[in-house]
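First the structure, in the form of structure tokens, and then the observations on it.
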Amino acid sequence: MQAFESLFSQFLESVAPTDAAHDVQHITRVVKTAKRLCGLESACAEVVVPAAWLHDCVTLAKDDPRRSQSSKMAADKAIAFLAEVGYPQQYLAAIHHAILAHSFSASVAPETLEAKIVQDADRLDALGAIGVVRCLQVGAALGRPLYDGEDPFCRERAADDGRYTLDHFKQKLFTLADTMQTAAAREEAQRRTRVMQGFLDQLAQEI
């Protein structure tokens, strides 16, 4: 597996990230988390590890109308690459499904333990301190205001993260803990969500 991981890393060097939140550091964090969950859940590493490495080998901007198709595009590209480098064929279908199902926007339910782990690992990287940073990176890249000056925390209005960056916390990020598939991920997601709520509580005092 280590030799293949070196190939995965080299392959990703040719993939330009869509934004700073989906760079190689994001991928390596997801791989690390996926490996930990894989061990805890006794899942198949031959599926989890390549799927985690290659889950974002195609990414589209948050405001791209094809956004919901990006995980399918990534899965197809990943399988083509794996076949080219001689990765064992018996794992390819499961890897394709794990990459396809990892995406929030694709709305594809993970049907295997390995797919659940890759989805959990990717979603955990949207939470906690790193989740705060990534949210702000994406909002800045899209040119969105940080918050609505009249109601920064959506107390009297519906959240609209297409308009304000902070709205993404309520509209999506604070819902992720309930979507975790594995027990270990649920526990970690709850802890990271508390970190994010603490950030917003502090921000509320300051603004």
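Residues of region 166-194 falling in the label zone of VAL133, defined by backbone nitrogen less than 18 Å from a point 7 Å along Cα to beta-carbon, are 192-194.
The modelled label-to-label distance for the pair ALA183/ARG29, using points 7 Å beyond Cα in the direction of Cβ, is 2.7 nm.
Considered as an equivalent ellipsoid built on the Cα gyration tensor, the chain has semi-axes of 31, 18, 14 Å, the largest given first.
The relative contact order of region 1-108 comes to 25 percent, based on Cα pairs under 8 Å that sit 6 or more residues apart. Remark on region 1-108: ratio of C-alpha radius of gyration to 2.2 N^0.38 Å is 1.00. In terms of overall dimensions, the C-alpha atoms belonging to region 163-207 reach 37, 22, 9 Å along their principal axes, ordered largest to smallest. Label separation (ASP151 vs SER6): 5.7 nm, computed from points 7 Å beyond Cα along the C-beta direction.
Between 0 and 90 degrees, the angle of helix 183-206 with respect to the longest Cα principal axis of the chain falls at about 30 degrees. In region 106-207, the ratio of gyration radius to Kirkwood radius, Rg to Rh, stands at 1.00 when only Cα atoms are counted.
Taking 0.36 nm per residue of separation and subtracting the Cα-Cα distance, full extension of the segment from PHE174 to GLN205 would add 9.2 nm. The mean sequence distance of close C-alpha pairs (under 8 Å, at least 6 residues apart), as a share of the length of region 127-206, puts its relative contact order at 34 percent.
Helix 45-54 axis versus longest C-alpha principal axis of the chain: approximately 50°, rounded to the nearest ten. Helix 2-12 axis versus longest C-alpha principal axis of the chain: approximately 50°, rounded to the nearest ten.
Accessible area per residue for region 1-108 is 47 Å², calculated with a 1.4 Å probe on protein heavy atoms, without ligands, DNA or RNA. In this simple spin-label model, placing a label point 7 Å from the Cα along the Cα-to-Cβ direction at both LEU40 and GLU13 gives a separation of 3.3 nm. Taking 20 Å as the straight-line reach from the Cα of LYS172, the lysines in range (excluding those fewer than 8 positions away in the same chain) are LYS62, LYS116.
The values are calculated or read from the model by the stated rules, or taken from the named source; none is laboratory data. The structure displayed is predicted, hence computed values, not measured ones. Because the Cβ atoms are built from the backbone with ideal geometry, glycine has one as well, and the counts that use them run over all protein chains shown. Side chains are part of the model used for accessible areas, which takes the heavy atoms of the whole protein and leaves out ligands, DNA and RNA. Shrake-Rupley method; radii C 1.70, N 1.55, O 1.52, S 1.80 Å.
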